[in-house]
1. Once the principal axes of the Cα atoms of the chain are found, what is the range along each, listed largest first in whole angstroms?
2. Using only the Cα atoms, work out Rg/Rh for region 12-184, with Rh taken as the Kirkwood radius, to two decimals.
3. Using +1 at the Cβ of each Lys and Arg and -1 at the Cβ of each Asp and Glu in region 32-118, identify which of Gly71, Met100, Gly55 lies farthest towards the dipole's positive end.
4. Under 10 Å, Cα contacts only: if you run a Gaussian network model on the chain, which one of Gln121, Gln179, Gln271 comes out with the highest mean-square fluctuation?
5. If the elastic network links every pair of Cα atoms under 10 Å, which of Phe218, Phe117, Phe77 fluctuates the most in the Gaussian network model of the chain?
6. Taking other Cβ within 10 Å of each residue's Cβ, how do Ser201, Ser102 sort, fewest first?
7. If you line up the Cα atoms of region 187-232 on their principal axes, what length do they span on each, largest first, in Å?
8. Once both labels are modelled 7 Å past Cα along the beta-carbon direction, what's the Ser269-Arg146 spacing in nm?
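We did not get these values from a lab; they are worked out from the coordinates using the rules stated. Values in this document were obtained by computation on a predicted structure and should not be read as measured data. Here the Cβ is made from the backbone with ideal geometry for all residues, glycine too, and neighbour counts use every protein chain on show.
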Amino acid sequence: MLGSQILDLNTSISGADIGVPEIKTFGFATFQKAMATTDSWTSHGGPELVFVIEGEACWELEDEALVPVSGGQFALFPAGKKHRIVNGLYPPSHSFWIVMASAGNVADPALLTREGFRDFQNYLGRRGLTHDIEARCMDAIGELHRLVSDPRIYTGSSLLIAEMRAALHTVLIEAWKAQDKKLADRDNSALIDDFLEVLHSDPDAELNIGEVATRLGFSRSYLHNRFRKEVGMSPSDYAQRLRIKRCCTRLATTSEPVTDIAVEFGFGSSQYFSRVFKKYLGTTPTEYRQQMAIREH
């Protein structure tokens, strides 16, 4: 996870160091090219927020549900919810992340009132959802990026710390507002859950989304609109990511030729497969297989 698997590779700051105990850590992570990571699961005592500024990334939950996040979106991972980067590879991306402290371990939050912090945790702890990053929130993240790169950070500048706290407060409030709006608008989540169950249990369903929608008693257009509203992308995009995930498993665990894998999973040709694969992972199937082999040794 951005907030835990790669803290040693990117800048991170403890909330306690700037007088914000309700935030455990926060920081930025930048990958100029696709980079292999571990397959270990992670979870936190408080919710985690991941804001993808550029590029994209995709996580998976223990139930195999995917949480894809494109540039300009952020995702929430509830406290205690195990998650990891999908396919063991970070695509090229630039992200900002916040890991919140456990509500029970914070006696006096600094940015929110005690009641406000509890309510905030409750809202963020309901379910991992993807949202668009509003302009005000994006501006605050940009300000934080400038501040963490400021040399005054090494001298403990009171002004810089105050600016940092103000920007963090804006980010948290904007995330809270986005979650509040999304939860109030979830009028048919059972449909989405049923659709995801079919997709994950039936590999052929990825190529026949219209038929799946009909089977569930809805039109393809209605499913498309509801899915995009709740998940943040189209059903076909999600299905494509799931298909790529299955291909990654085959690439990492067998020596089967790339062309055979491409045909088996419905891509038609290795050239088309490579284009789609690179679109989502920032690397080719052959390069991915090589990275996974190096990681294992």
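1. Sorted largest first, the three principal extents are 60, 46, 31 Å.
2. On the way: Rg = 15.5 Å, Rh = 16.4 Å.
On the Cα set of region 12-184, Rg over Rh gives 0.95.
3. So the residue furthest toward the plus end is Met100.
4. Gln271
5. For the chain, modelled as a Gaussian network with Cα springs under 10 Å, the answer is Phe218.
6. By the 10 Å Cβ count, ascending, the order reads Ser201, Ser102.
7. Answer, in whole Å and largest first: 27, 17, 16 Å.
8. It works out to 4.9 nm between the two label points.
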